[in-house]
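The values are calculated or read from the model by the stated rules, or taken from the named source; none is laboratory data. Computed from a prediction, not measured in an experiment: that's the story for all the values here. Cβ coordinates were reconstructed from backbone atoms using ideal geometry, including for glycine residues, and neighbour counts include every protein chain displayed. Calculation scope for accessible area: heavy atoms of the full protein, side chains included, ligands and nucleic acids excluded. Shrake-Rupley method; radii C 1.70, N 1.55, O 1.52, S 1.80 Å.
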Amino acid sequence: MRWIQLGEMDCRGIWGDDMEREDIRVAVVRIEGTNCERETALAFKRLEVFAEEVHLKQFYSDMIRDEDKRSLHDYHAVVFPGGFSAGDYIRAGAIFSARVRSVLRKDLKKFIGEGWPVLGICNGFQVLVELGALPAFDGISEKPEMALGINDSSRFECRPTFLKVENQKILFTRNLGKNVVMFPSAHAEGKVIFPSGREEEYIERLKENNQIVFRYVDRNGDYAGYPWNPNGSIYNIAGICNPEGNVLGLMPHPERAFHPVSHPEWTRNQQKDGDGKGFFEGIVSYLEKKV
Amino acid sequence: MELDPSVYISRNLPFELYEVDILNASDEQLAVISDEMGLALSVDEMRRIKEYFRQKGRNPTDIELQALGQAWSEHCCYKSSKYFLKKYLFGIEAPQNIFVIEEDAGVVEFDEEHAYVVALESHNHPSAIEPYGGAATGIGGILRDVVCMGAQPVALVDPLFFGHLDTPYEALPSGVKHPLYLMNGVVAGIRDYGNRVGIPTVAGMIFFDEGYTGNCLVNVGCVGIAKKNHLIRSRVGGVGDVFVLVGGKTGRDGIHGVTFASTELDEKSEEESRGAVQLGNPIVKEPLIHACLEANEKGLLTGMKDLGGGGLSCVIGEMALAGGFGAEVHLERVPLKEKEIKPWEIWVSESQERMMLSVRPENVDEVLYIFDKWDVDATVIGKVIDEKILRVFYQGYKIYEMDIEFVTSGPEYCRPYTVEKREIQTSVFDVPEPEDYEDIFRSILAHPNVASKEFAIRQYDHEVRASTVLKPLNGIAGWESHGDAAVIKPLEDSWKGLAITSDVNPAYTKIDPFWGTAVAFDEMCRNLVAVNSVPHSFADCLNFGNPEKPLRLGDFHESVRALGWMARNLGIPCVSGNVSFYNETPYSFVPPTPTLMGVGMVEDVRKVISMDLKRRGTALILINETRPEFGGSVYSSVRGFEDSNVPKSSPEHLRKSIETMLSLFSNFRILSCHDVAEGGVAVALGEMCIGGHMGCEVEIRAERADIALFSESATRWIVEVKEEDYTDVVEFLRKSGLKAGVLGFTGGKDMILRGAKTTKPLIYMNIDEVDTTWRNGLSRYMG
């Protein structure tokens, strides 16, 4: 492949021929309280790409030594992982997104505009929503257009969730090879909420743009209420993407479904791979082939 | 503090410091001083201190006396328990032991390159006063115990014990909080701390007994994993090493936590001891763990220890002495939460989220950079010196100087104890067989000690870190039932796993502490074996009443004796533990509660066995003998009779059974396996049916079907095998010297249990009804 230095801080190269897997660089962005970065980075590493956990400070702070400094443009994909960033003592994801907004807003906008994949899992989904990067009907919005509210049960719910893949064409879902996948959920604030009175309009708009990617179903694949929909999300929405399909946020955790032995029923029915593997393979093969 | 100017002499300094005139104090005055200063030391202990200072020719300062109160508390020096622990439990040799007993956590070999780390503790008194904060900081403390060995925590465990949820409010003694309030607060505290810090809570138990009404028990365990070459000890490396205090700031929260934990609770505890409850912050803890492990893995540390009970006062002395040295500390450097805090308060504060590192001077800058990167405070507060003396300075004034060996030479007692035989005249043979088995079975399934604990389990993130291979709930999604042990795959590049369980049945120990404890050990092994793991090590958390009362100490003696007897004969080492005494109030004391956390070695996590029924038309085999043992059984509680005959265990038979079960798993395809415990065979079958959402048909040929179905005899399992295998399996088991028989077969949507005497089945219930009865047993109290 051609390796062209774009600038001092940019060691990513640009798209040329197919990329080798080991040249693909993925950042999993952490701050205090994010807690799924290890397994999220591992999901990529198992597919032989370079993935690292990067503290947000490494993008901007003066106290960081040169060898630890990073730029968003060093990477081909960025993931905001699950956890309780900064404690989530106010609205989930609010503090993390405020920090990202203050230091990375321009970079992230450019990154998304160039078509690089951006993924938010659980708390990361909340962060992307707070940033206005989802649903982003007309590009990244100034203010959040939706919210992930407190679960209907009013408590944290850790349980297996089954998801119908409503849009199998985006880079994240192309390699799943199934209509229904199992990614477990574990959150207290995952209920998709649209502005009051405009719910129908939002759902229609999402549908038109093919932005609804995952919806909660029961283990037979039928749309169902609690506990299959663990939070009371409107229209059973579990995950959505931007209109372009390169930014995805979802509450359930694909990184917890990578190995066949992660499936809650693996001692009953053995699969060759966990459903999460196909999910991460989608991102990697997109990056390999994008010319 | 009530200040008597003739005893407490204020030093003329820019800050508050008192000299305490003990040299001229009578025994009576010594007792008053101990009480007024909240030292919880006896007159004998105070006299020893007086003698020490007489030789020094001066009176102690307040900070010196406070330090001794911490160091010599039951909580810190195990003065009432050590004698018994040494006699019965310590020193079980096993090839897998790396560091056992002497550190904050036990360290055991995992594979050639790795060790796993085990710790188990109580956080009882704080949780009884402030359930949410008490439980949360309990998790914080146990995580630090594991991290300070250089290990990454991978699993949390939380055994909980409360009074009955339907206790009427008017029956609560003054100052006692309702069990439902306590349980909800404790579960929420574990949830909000454990989930935030990102370590999965994978196992535990919730047990109800009226003995816990005044004094709930909150135990918490943690398992971690470390590279062997990253293991680090709680000791300084050498003279010149620098003490770096890292993590949270120090405040007035958690003053006298250990002395509070070393006395009985009463109605004034809330008011007097609220300040002894620490405040946790998981979002300081989460980066603190990363930073400590990063600094350790880079080889920058010579020692690491967590600040728990006793705060700085305990950690500095213990780390210095363990290395064979002394220390000098400059207290004004400690980062504070509030101004106006007195030097002695800084010294003994148990503020959370703090760790102490010892670092060679040349590595300090690198260590400070790592902590700065993680936005975690790190401050140099002192250094290691050659003499075995501890000196503390504040704003340049020396305020403390004692020999470390004196400070850490807490007393050790062999207090008088009485072993009580609780004779109960009645037994199961005094009650007739039930007329309606279904009715009894429903009551047992809905019994709070049997019913589903899903409401708590699902509030804990048991999958974060994505390495939970066997989850706490097993079976078809939506119909899961309680598993026997959780299994974690701690390393990315290995299929080896760790099985984790926590066990004790206080209904047995209450009647018979010896056999109850032996059976807790049996159950721990049974659970580990059921998932196809080899019992490998365990930790104990011994929760008892006031050891100064001979009957309570007698219970403790019997319990420790049984534990040592079982563990030694099975060659399973006790690698770490904690004793919690004084779990009593003027109204009641807790049942003897020796909580055990067992760890099993899983050779290949892909070979783990779960407990849910897998297929229709398979055979169910019961392994080992059912005896009429109903002491402490759920059946006796439901039917309202008493029986002193608690289940018993034999180490020889348990060992043979473990070996046979493990070889059964490697020789035959075992579809599911479940241990038989509370509620006996009937409940074990019910849970297997629930998890598989599948019925079964079973025939009981015994004369008394209630004995066969509901006895809680130990060392039993039920396995599910393919129909064509069952005769071979039974023969294999019998040849190995175990009793085994076919109970029946799986299939259908009903649970059908037939007796020998009538054609009508004893129990004929749709599995959905079994499921609902079991699932709603607890939630009906939750509102």
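What translational diffusion coefficient, in µm²/s and rounded to a whole number, does the Stokes-Einstein relation yield for segment B:331-450 at 10 °C and a viscosity of 1.306 mPa s, taking the hydrodynamic radius as the Kirkwood radius over Cα pairs? D = 74 µm²/s.
Carbon-plus-sulfur fraction of the accessible area of segment B:643-779, 1.4 Å probe, in percent?
Numbers: 2350 of 4880 Å².
The value for segment B:643-779 is 48 percent carbon and sulfur by accessible area.
Each principal axis of the Cα atoms in segment B:589-656 has its own extent, and those three values, largest first, are 44, 32, 25 angstrom.
Add -39500 (n - 2.57) for each DSSP H run of 4 or more in chain A, then divide by its residues: what number comes out at 222 nm, to the nearest 500 deg cm²/dmol? Intermediate results must be reported in sequence, preceding the final value.
Numbers: 5 runs with 63 residues, N = 291.
Rounded to the nearest 500, it is -7000 deg cm²/dmol.
Protein heavy-atom accessible surface, 1.4 Å probe, per residue over segment B:278-348: 30 Å².
Taking the radius of gyration and the Kirkwood hydrodynamic radius from Cα positions alone, what is the Rg/Rh ratio for segment B:327-397, to two decimal places? Rounded to two decimals, Rg/Rh equals 0.97.
Only protein atoms count toward the accessible area here, which uses a 1.4 Å probe; on segment B:8-74, the carbon and sulfur part of that area reaches 44 percent.
log10 I(q)/I(0), Debye, Cα-only segment B:424-577, no solvent, q = 0.13, 0.21 Å⁻¹? One equal scatterer on each Cα of segment B:424-577 leads to -0.83, -1.34.
Remark: for residue pairs B:Lys50/B:Lys249; B:Lys228/B:Lys383; A:Lys109/A:Lys289; A:Lys290/B:Lys298, the C-alpha separation exceeds 29 Å in B:Lys50/B:Lys249; A:Lys290/B:Lys298. Just so you know, the averaged projected area of the alpha carbon convex hull for the protein assembly as shown sits at 43.2 nm². The long axis of helix B:179-197 is offset from the longest Cα principal axis of chain B by roughly 70 degrees. Compute the FRET efficiency between B:Asn546 and B:Asp21 as 1/(1 + (r/R0)^6), taking r as their Cβ-Cβ distance and R0 = 41 Å, and round to the nearest 0.05. Plugging the Cβ-Cβ distance into 1/(1 + (r/R0)^6) gives 0.85.
With protein chains left intact and a 1.4 Å probe, residues in segment A:133-291 average 37 Å² of accessible area per residue.
Farthest towards the positive end of the charge dipole of segment B:20-116, among the residues B:Ile22, B:Gln96, B:Gly69, is the Cα of B:Ile22, using unit charges on the Cβ of Lys, Arg, Asp and Glu. When the other protein chains are added to the chain by itself, burial of at least 40 square angstrom of heavy-atom accessible area (probe 1.4 Å, ligands and nucleic acids ignored) affects these residues of segment B:468-487: B:Val469, B:Lys471, B:Ile476, B:Ala477.
Distance between the modelled labels on B:Lys298 and A:Ala224, one decimal in nanometres: 5.0 nm (7 Å Cα→Cβ projection).
Once the Cα atoms are used to define both axes, helix B:131-147 deviates from the longest principal axis of chain B by about 80 degrees. In segment B:135-256 the Cα-Cα distances spread across 10 Å bins starting at 0 as 11, 32, 30, 17, 7, 2, 0 percent of all pairs. Taking label points 7 Å from Cα along the Cα-to-Cβ direction, B:Glu112 and B:Glu435 give a separation of 7.0 nm. The Rg/Rh ratio of segment B:357-407, with Rg taken over Cα atoms and Rh as the Kirkwood radius over Cα pairs, comes to 1.08.
Under the simplified labelling scheme, the A:Lys178-A:Asp107 pair shows an inter-label distance of 3.6 nm, with each label point 7 Å from Cα along Cα→Cβ. Over all directions, the projected convex hull of the C-alpha atoms in chain A averages 14.7 nm² in area.
Within segment A:211-235, the residues that become at least 20 Å² less accessible when every protein chain is included than when their own chain is isolated (1.4 Å probe; DNA, RNA and ligands ignored) are A:Arg219, A:Trp228.
Computed over Cα pairs, the Kirkwood radius of segment B:460-516 leads via Stokes-Einstein (0.890 mPa s, 25 °C) to a diffusion coefficient of 181 µm² per second.
Cβ under 15 Å from B:Cys292's Cβ, B:Cys292 left aside: what net charge do those residues give with Lys, Arg +1 and Asp, Glu -1? Charge balance in the 15 Å sphere: -4.
Under the 0.36 nm per residue contour assumption, what length would be gained going from the current alpha-carbon distance of B:Ser494 and B:Ile424 to full extension? The partial results should precede the final answer.
Details: separation 70, 0.36 × 70 = 25.20 nm, distance 5.22 nm.
Contour length minus the Cα-Cα distance gives 20.0 nm.
P(r) for segment B:34-118, from all Cα pairs and a bin width of 10 Å, is 14, 32, 22, 19, 11, 2 %, short bins first. Note on A:Lys106: aspartates and glutamates with a C-alpha under 14 Å away, same-chain residues under 8 apart excluded, are A:Glu114, A:Glu142. Computed over every Cα-Cα pair of segment B:8-74 and binned at 5 Å starting from 0, the pair-distance distribution P(r) comes out as 4, 19, 30, 28, 14, 5, 1 percent.
Calculated from the alpha-carbon coordinates, segment A:64-193 shows an Rg and a Dmax of 15.7, 47 Å respectively. Considering only chymotrypsin sites (Phe, Trp or Tyr not before Pro) in DSSP loops that have at most 14 other Cβ atoms within 10 Å, the longest stretch of chain A without any of them is A:90-291. In terms of accessible area, using a 1.4 Å probe and ignoring ligands and nucleic acids, B:Asp192, B:Asp365 rank largest first as B:Asp365, B:Asp192.
Chain B and chain A together bury an accessible surface of about 3900 square angstrom, both sides counted, with a 1.4 Å probe and no ligands or nucleic acids included. The fraction of accessible area contributed by carbon and sulfur in segment B:105-407 is 47 percent, rounded to a whole number (1.4 Å probe; ligands and nucleic acids excluded). Computed from Cα positions, the angle between helix B:282-297 and the longest principal axis of chain B comes to roughly 80 degrees. Backbone N atoms of segment B:420-445 closer than 19 Å to the 7 Å Cα→Cβ label point of B:Glu642 belong to residues B:420-432.
Between B:Glu28 and B:Glu769, the FRET efficiency from the beta-carbon distance, with R0 = 56 Å, is close to 0.25. The contact residues of segment B:418-465, meaning those that lose at least 30 Å² of 1.4 Å-probe accessible area when all protein chains sit together rather than their chain alone, are B:Arg458, B:Gln459, B:Asp461, B:Glu463, B:Val464, B:Arg465.
I need the trypsin sites (Lys or Arg not before Pro) found in segment B:652-716, filtered to DSSP loop residues with at most 15 other beta carbons within 10 Å of theirs. Could you put the intermediate results ahead of the total?
On the way: sites: B:Arg655, B:Lys656, B:Arg669, B:Arg701, B:Arg704, B:Arg716; in loops: B:Arg669, B:Arg701, B:Arg704, B:Arg716.
For trypsin sites (Lys or Arg not before Pro) across segment B:652-716 that sit outside H, G, I, E and B with at most 15 neighbouring Cβ atoms in 10 Å, the list reads B:Arg669, B:Arg701.
With N as its number of residues, segment B:68-162 has a Cα radius of gyration that, divided by 2.2 N^0.38 Å, comes to 1.23.
Please give the length that would be gained between A:Arg46 and A:Ser141 if that part of the chain were fully extended, namely 0.36 nm times their separation in residues minus their C-alpha to C-alpha distance (nm, one decimal). Can you show the working numbers first?
Values: separation 95, 0.36 × 95 = 34.20 nm, distance 3.46 nm.
Computed gain between A:Arg46 and A:Ser141 is 30.7 nm.
What does the extension gain come out to for B:Tyr181 and B:Asp166, with contour length at 0.36 nm per residue minus their alpha carbon separation?
Details: separation 15, 0.36 × 15 = 5.40 nm, distance 1.14 nm.
Length gained, B:Tyr181 through B:Asp166: 4.3 nm.
Checked against a 26 Å cut-off, the cross-linked pairs B:Lys82/B:Lys388; B:Lys87/B:Lys471; B:Lys337/B:Lys398; A:Lys45/B:Lys373; B:Lys337/B:Lys388; B:Lys87/B:Lys510 give Cα-Cα distances beyond that limit for B:Lys87/B:Lys471; B:Lys337/B:Lys388. Rg over Rh for chain B works out to 1.00, using Cα positions for both radii and the Kirkwood form for Rh.
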